[in-house]
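S.K.: I'd like to ask some things about the structure below.
The values are calculated or read from the model by the stated rules, or taken from the named source; none is laboratory data. Just so it is clear, the model here is predicted, and its values are computed rather than measured. Using ideal geometry, Cβ is built from the backbone for each residue, glycine included, and neighbour counts are taken over all protein chains shown. Surface accessibility is based on the protein's heavy atoms, side chains included, excluding ligands, DNA and RNA. Shrake-Rupley method; radii C 1.70, N 1.55, O 1.52, S 1.80 Å.
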Amino acid sequence: MDGSASTVAGAPVDDQEKPGRSLRGWPNRVVATVAFAVALLTIWQVFRPLAQGSQFYLIVFLAGTLPLVFLVYRPGWGRIDPPNRPGAADWALAAVTLVVCLYPVAPVWIGAGGYNDFLDRQGLLDPTDVAMGAALLVLILEACRRTTGWALPIVCGLFLAYGYYGGLLPQGWAIAHAGLNFDQIIDALYNSGSGFFGTPLDVAATYIVLFTIYGAVLELSGAARFFVDLSVAAFRRSPSAAGRTAVASGFLLGTVSGSGTATAVTVGAVTWPIMRRAGYTPERAGGVLAAAGVGALLSPPTLGAAAFIVAEYLEVSYLTVLGWALIPTVLYYLGILLAVEIDARRFGLQAASADVPSAWRLLGRSGYHFSSLILIVVLLITGMSATRAVVYATALAVLLSFLDQRTSLTPARLFGALSAGVRGVLPVVAVCAAAGVITAMTTKTGLGAQFSSVLVGGVSAITDNRTAMLALTAVVAAVALAILGLAIPVTASFVIGWVIIGPALLALDVPAPAAAMFVFYYSVLSEVTPPTALAAVGASAVTGGQAVATMWTTLRYAAPAFLVPIAFVVTRPGEYLLGNGPVAGVLWVSAAAGAGIVALSVTFGGWVLGVGPASMPARLLTGAAAALMLFLDPATIAAGSACLLIAVALTIIGNRRRCS
């Protein structure tokens with residue numbers, strides 16, 4: 001394997017990342033060798049952590065990965081930017097990055113005097129420390145620009161400006177603070193636990209990189225292809241079979257993938273020909289693929305990169321976060337499947353066959369690919385850490401690959417898988433290091449608490465009803481997160497949303513799990529929000545459809561997902577959707593939310609399954625029914641059920657009149 005792919009199917013990466021160079025020759029061997037060494041380091045850290053502590057490991061990890069960004073990703077500098085090999089400037093930046101990253105742990109006297117001396121100077125950095133920290137700041141922002149574009153570096157610049165100039169704001173303003181000088185800013189970024197080496201990078205260097213390696217191993221062992229083929233084989237004789245296949249493939253591939261765009265493209269490459277024969281237009285097929293692909297960011301046991309940060313911020317196990325995601329994931333795919341079934345009837349789609357073995361034959365031949373996924377869940381349930389669980393699952397996937405001679409992971413292919421896994425995490429490393437700028441400035445200035453007081457104060461000036469306050473805050477937060485997510489990756493969007501919007505939700509007594517998952521889901525849903533909706537753009541590239549039309553179609557398929565997170569925070573029973581609460585409560589809330597999704601599918605699809613097309617009054621009634629049932633109060637559920645029944649009755653009467 002040449003390791004030229006910038007991402008790996010199955011890697012929990014951010015979808016805003018740009019494609020990397022297709023390296024060849026000795027530059028590729030250099031990158032692959034360094035990436036392989038980093039992979040070994042991360043696995044070693046799981047079982048034998050470095051004695052100097054986690055921050056020491058993060059410094060070494062950043063020194064091994066950040067220089068690779070400059071070799072793999074193009075700067076866009078015209079003539080000095082070779083397309084398939086690093087230029088002289090790239091090598092120079094990689095060398096400088098290595099020096100400034102290793103400076104705090106350098107064992108010789110070049111200013112730091114060793115790691116312990118560097119830590120002792122926290123709050124009192126000398127000029128060399130400041131210069132090195134400033135250089136690393138610039139390099140991280142440049143790495144972020146190369147991998148994800150200008151948006152996140154600009155956001156970081158705004159937070160830095162706020163930290164530096166905030167003292168000049170009128171002190172009567174709620175967001176004013178004492179101000180930070182340049183040395184204080186660099187100290188917060190370079191020599192503290194909330195800056196470059198804070199929680200986001202810690203998550204990238206421990207959890208995310210191991211899952212990208214796991215995803216790369218599964219990809220090379222044939223698991224991704226098996227999941228898609230199994231979905232194709234399972235649905236082959238129904239008019240809605242093509243759409244079901246795309247949704248099932250997205251779900252199965254999503255269990256080992258954290259990239260919506262990569263999942264949509266991978267599934268689309270196989271299922272688009274089937275969908276085209278069934279009668280799907282390119283835009284409608286792209287919408288199904290993109291919506292199903294984004295489920296990769298919501299589907300256990302992998303979820304997206306931000307889910308690992310949720311676990312770290314709330315100090316809970318990753319298994320707990322998986323539990324929170326389970327019911328919302330079912331509701332999300334229920335909405336997509338209902339939309340697929342409605343489209344099959346509404347547009348008269350046809351059954352389309354595919355040349356694959358039967359599902360039972362595929363399971364008998366390659367069903368072992370599920371083993372590593374099952375092992376992860378079992379080990380997590382027994383109390384093992386997520387890092388050890390995924391390493392053992394990776395080892396099992398490697399061993400099982402030898403059951404099929406075509407996909408066996410020989411030493412050379414295993415080297416390629418480990419290298420590709422680390423290379424796939426490079427954009428996340430840049431984003432997480434840059435996210436440290438945001439968290440450090442928010443922590444140092446107290447912006448989170450200040451913004452929370454402003455938001456809660458503004459809402460309380462409109463109404464003093466707690467439910468109304470929560471609803472207004474949730475809507476404002478949802479809009480803000482959707483807008484924020486248009487420009488920056490999901491991981492950074494979650495970090496910003498949690499440190500800025502999270503405190504406002506917590507101040508209104510929203511439980512921390514509900515608040516965190518609310519921010520997480522709306523950060524993810526930016527992937528299907530026009531005008532960017534990168535998953536839709538990727539799907540349209542496969543189907544040949546118009547990108548903008550595909551975006552709006554995707555939004556229709558994913559629409560239920562925009563209401564469910566609001567249910568988390570507006571009422572107390574909303575937390576039951578995360579599995580937190582008595583079993584009876586979880587069951588009735590899940591049933592009510594499921595009925596709300598059914599009603600919403602009629603609203604957007606214009607069809608009642610088993611009955612026929614719905615009139616506009618019936619669709620308006622089902623919209624009201626969905627809103628009432630997702631409020632999750634017994635009275636509103638009863639009212640919503642009544643609205644849904646009336647809508648169904650109107651549809652039955654209307655269709656009988658048309659037939660008579």
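S.K.: Within segment 198-219, count every residue that is open to solvent by less than 10 Å² (accessible area, probe 1.4 Å) and out of contact with any Cys (no Cβ under 9 Å at 6 or more places or on another chain).
M.R.: 10
S.K.: If you go through segment 558-598 one residue at a time, how many are farther than 21 Å from ALA512 by Cβ and modelled with pLDDT under 90?
M.R.: The number of residues fulfilling the criteria is 6.
S.K.: If you don't mind, there's one more thing I want to ask. Helices (runs of 4 or more DSSP H) wholly in segment 245-354 with at least 1 residues that are open to solvent by 10 Å² or more (accessible area, probe 1.4 Å) and under 20 Å from GLU527 (Cβ atoms) - which ones?
M.R.: The qualifying helices (runs of 4 or more DSSP H) are 260-278, 282-294, 318-346.
S.K.: Can you name the helices (runs of 4 or more DSSP H) wholly within segment 446-548 that have at least 3 residues being at pLDDT 85 or above?
M.R.: 466-487, 490-500, 502-507, 512-524, 534-543
S.K.: Can you tell which of LEU447, LEU455, LEU472 is without any contact (Cβ under 8 Å) to a residue 40 or more places away in the chain and either on the phi > 0 side of the Ramachandran plot or open to solvent by 10 Å² or more (accessible area, probe 1.4 Å) (or both)?
M.R.: LEU472
S.K.: In addition: Quick one: in segment 525-542, of everything that is surrounded by fewer than 24 Cβ atoms within 10 Å (Cβ to Cβ) and of a type in the set (S, T, N, Q), which residue is farthest from ALA339 (Cα to Cα)?
M.R.: THR532
S.K.: Give me the residue from segment 646-659 that is of a type outside the set (Ser, Thr, Tyr) and touching a Pro at 6+ places or on another chain (Cβ under 9 Å) and, out of that set, most open to solvent (accessible area, probe 1.4 Å).
M.R.: That would be ARG658.
S.K.: Right, another one. Within segment 58-68, can one find any residue that is open to solvent by 60 Å² or more (accessible area, probe 1.4 Å), closer than 19 Å to PHE196 by Cα and either touching a residue at least 60 places away in the same chain (Cβ under 8 Å) or not in a helix (DSSP H, G or I) (or both)?
M.R.: no
S.K.: Starting from segment 540-553, keep only residues that are farther than 12 Å from TYR280 by Cβ, then list their pairs with residues that are at pLDDT below 85 and among the aromatic types (Phe, Trp, Tyr) whose Cβ atoms are within a distance under 7 Å, requiring at least 6 positions of separation or different chains.
M.R.: Here the result reads none, with nothing in segment 540-553 linked to a residue that is at pLDDT below 85 and among the aromatic types (Phe, Trp, Tyr).
S.K.: Return the only residue of ASP117, ASP187 being of a type in the set (Asp, Glu) and without any contact (Cβ under 8 Å) to a residue 24 or more places away in the chain.
M.R.: None of the others qualify; the one that does is ASP117.
S.K.: Would you please name the residue that is surrounded by the most Cβ atoms within 10 Å (Cβ to Cβ), looking only at residues in segment 359-391 that are among the β-branched types (Val, Ile, Thr) and farther than 16 Å from VAL321 by Cα?
M.R.: Across segment 359-391, the extreme among qualifying residues is VAL391.
S.K.: CYS643 versus (1) surrounded by fewer than 17 Cβ atoms within 10 Å (Cβ to Cβ); (2) in contact with a helix residue (DSSP H, G or I) (Cβ under 9 Å, 6 or more places away or on another chain): which is the lone unmet condition?
M.R.: (1)
S.K.: Still on this structure: Checking the condition part of a loop (DSSP other than H, G, I, E, B), closer than 29 Å to ARG29 by Cα and touching a residue at least 24 places away in the same chain (Cβ under 8 Å), which residue from LEU409, LEU400 passes?
M.R.: Going through LEU409, LEU400 in turn, just one is part of a loop (DSSP other than H, G, I, E, B), closer than 29 Å to ARG29 by Cα and touching a residue at least 24 places away in the same chain (Cβ under 8 Å): LEU409.
S.K.: In addition: Please enumerate the residues belonging to segment 620-630 that are surrounded by fewer than 23 Cβ atoms within 10 Å (Cβ to Cβ) and touching a residue at least 24 places away in the same chain (Cβ under 8 Å).
M.R.: GLY623, ALA627 - these are the residues of segment 620-630 that are surrounded by fewer than 23 Cβ atoms within 10 Å (Cβ to Cβ) and touching a residue at least 24 places away in the same chain (Cβ under 8 Å).
S.K.: Okay, next question. Can we say THR394 is of a type in the set (S, T, N, Q), open to solvent by 50 Å² or more (accessible area, probe 1.4 Å), out of contact with any Lys or Arg (no Cβ under 9 Å at 6 or more places or on another chain) and in contact (Cβ under 8 Å) with a residue 24 or more places away in the chain?
M.R.: no
S.K.: Now a separate question. Out of curiosity, is ASN655 in a loop (DSSP other than H, G, I, E, B) and touching a residue at least 40 places away in the same chain (Cβ under 8 Å)?
M.R.: no
S.K.: Being under 17 Å from ALA514 (Cβ atoms) and in contact with a helix residue (DSSP H, G or I) (Cβ under 9 Å, 6 or more places away or on another chain) is the filter; apply it to segment 458-469 and report the residue that is surrounded by the most Cβ atoms within 10 Å (Cβ to Cβ).
M.R.: MET469
S.K.: Every residue in segment 478-500 that is buried (at least 19 other Cβ atoms within 10 Å of the Cβ) and either more than 18 Å from the chain's Cα centre (by Cα) or free of Cβ contacts under 8 Å to residues at least 24 places away in the same chain (or both), please.
M.R.: Hit for segment 478-500 is ILE500, nothing else.
S.K.: Kindly establish whether VAL138 is among the β-branched types (Val, Ile, Thr), in a helix (DSSP H, G or I), closer than 17 Å to GLY436 by Cβ and open to solvent by 60 Å² or more (accessible area, probe 1.4 Å).
M.R.: For VAL138, the condition - among the β-branched types (Val, Ile, Thr), in a helix (DSSP H, G or I), closer than 17 Å to GLY436 by Cβ and open to solvent by 60 Å² or more (accessible area, probe 1.4 Å) - is met.
S.K.: Quick one: is VAL105 at pLDDT 85 or above, surrounded by 13 or more Cβ atoms within 10 Å (Cβ to Cβ), under 32 Å from the mean Cα position of the chain (by Cα) and of a type outside the set (S, T, N, Q)?
M.R.: Answer is no for this residue.
S.K.: Look at segment 580-619 and say how many of its residues are under 32 Å from the mean Cα position of the chain (by Cα), over 19 Å from VAL330 (Cα atoms) and β-branched (Val, Ile, Thr).
M.R.: The qualifying residues number 1.
S.K.: A follow-up question, please. Run down GLY222, GLY167, GLY179 and say which single residue is surrounded by fewer than 22 Cβ atoms within 10 Å (Cβ to Cβ), at positive phi and without any contact (Cβ under 8 Å) to a residue 24 or more places away in the chain.
M.R.: GLY179
S.K.: If you go through segment 571-584 one residue at a time, how many are assigned to a helix (DSSP H, G or I), touching a residue at least 12 places away in the same chain (Cβ under 8 Å) and open to solvent by 10 Å² or more (accessible area, probe 1.4 Å)?
M.R.: 3
S.K.: Let me ask something else about it. Is it true that some residue in segment 152-167 is in a loop (DSSP other than H, G, I, E, B), modelled with pLDDT under 90 and not polar (S, T, N, Q)?
M.R.: The answer is no, given that none of the residues of segment 152-167 is in a loop (DSSP other than H, G, I, E, B), modelled with pLDDT under 90 and not polar (S, T, N, Q).
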